[in-house]
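Report on one structure; see the data block that follows.
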Amino acid sequence: MPSTQKSQFVHTVFFWMKEGATPADVAALRKGLESLRPIKEIKKLHIGTPAGTLRDVVDNSYTLALILYFDSRSAHDAYQVHPVHNKFVDGHKQLWARVQVYDALMD
């Protein structure tokens with residue numbers, strides 16, 4: 001029997017801070033990530049740090065992780081061009097050295 005559950009679009013972003021970043025820089029990035037919450041297309045927003053798990057397959061080298069849940073790819077696409085998202089990127093991109101994104105459709 002086919003599932004009637006709707007897939008969610010999950011957008012996971014990992015941030016590595018620039019060399020010499022201070023705790024205030026990390027706090028500023030976290031505050032910037034929090035500023036994304038009012039975007040109506042976002043259904044859930046989580047911000048986290050590396051858990052420190054020690055296994056060969058775990059990468060603990062990033063500074064902050066952002067996980068966003070959307071109802072659809074089109075909702076995600078609207079988020080990508082949303083003025084609040086653009087303001088976040090423009091106002092904080094000087095803080096990170098690297099960003100890695102993983103997008104997935106979840107059942």
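The values are calculated or read from the model by the stated rules, or taken from the named source; none is laboratory data. Fair warning: this is a prediction, and the values are worked out from it, not measured in the lab. All Cβ positions, glycine included, derive from the backbone under ideal geometry; neighbour counts span all protein chains shown.
Worth pointing out:
- Residue within segment 1-18 that is of a type outside the set (A, V, I, L, M, F, W, C), loosely packed, with under 11 Cβ neighbours inside 10 Å, assigned to a loop (DSSP other than H, G, I, E, B) and at pLDDT 95 or above present: no
- For Tyr102, the conditions (1) farther than 17 Å from Pro38 by Cβ; (2) more than 12 Å from the chain's Cα centre (by Cα) are fulfilled apart from (2).
- Residue in segment 22-41 that is under 21 Å from Lys87 (Cα atoms) and hydroxyl-bearing (Ser, Thr, Tyr) present: yes
- Some residue of segment 65-73 being within 19 Å of Asp90 (Cβ to Cβ) and either within 16 Å of the chain's Cα centre (by Cα) or touching a residue at least 12 places away in the same chain (Cβ under 8 Å) (or both): yes
- Pair list, Cβ under 9 Å, 6 or more apart: segment 91-107 residue within 16 Å of Tyr79 (Cβ to Cβ), other residue part of a loop (DSSP other than H, G, I, E, B) and at pLDDT 95 or above: Val99/Lys93
- All of Tyr79, Tyr62 fail the test of being within 16 Å of Arg98 (Cα to Cα) and among the hydroxyl-bearing types (Ser, Thr, Tyr), apart from Tyr62.
- Test: residue in segment 28-49 that is surrounded by 16 or more Cβ atoms within 10 Å (Cβ to Cβ), in contact with a His (Cβ under 6 Å, 6 or more places away or on another chain) and under 13 Å from Val13 (Cβ atoms): yes
- Summed over segment 74-90, the residues that are free of Cβ contacts under 8 Å to residues at least 12 places away in the same chain and farther than 17 Å from Val10 by Cβ give a count of 5.
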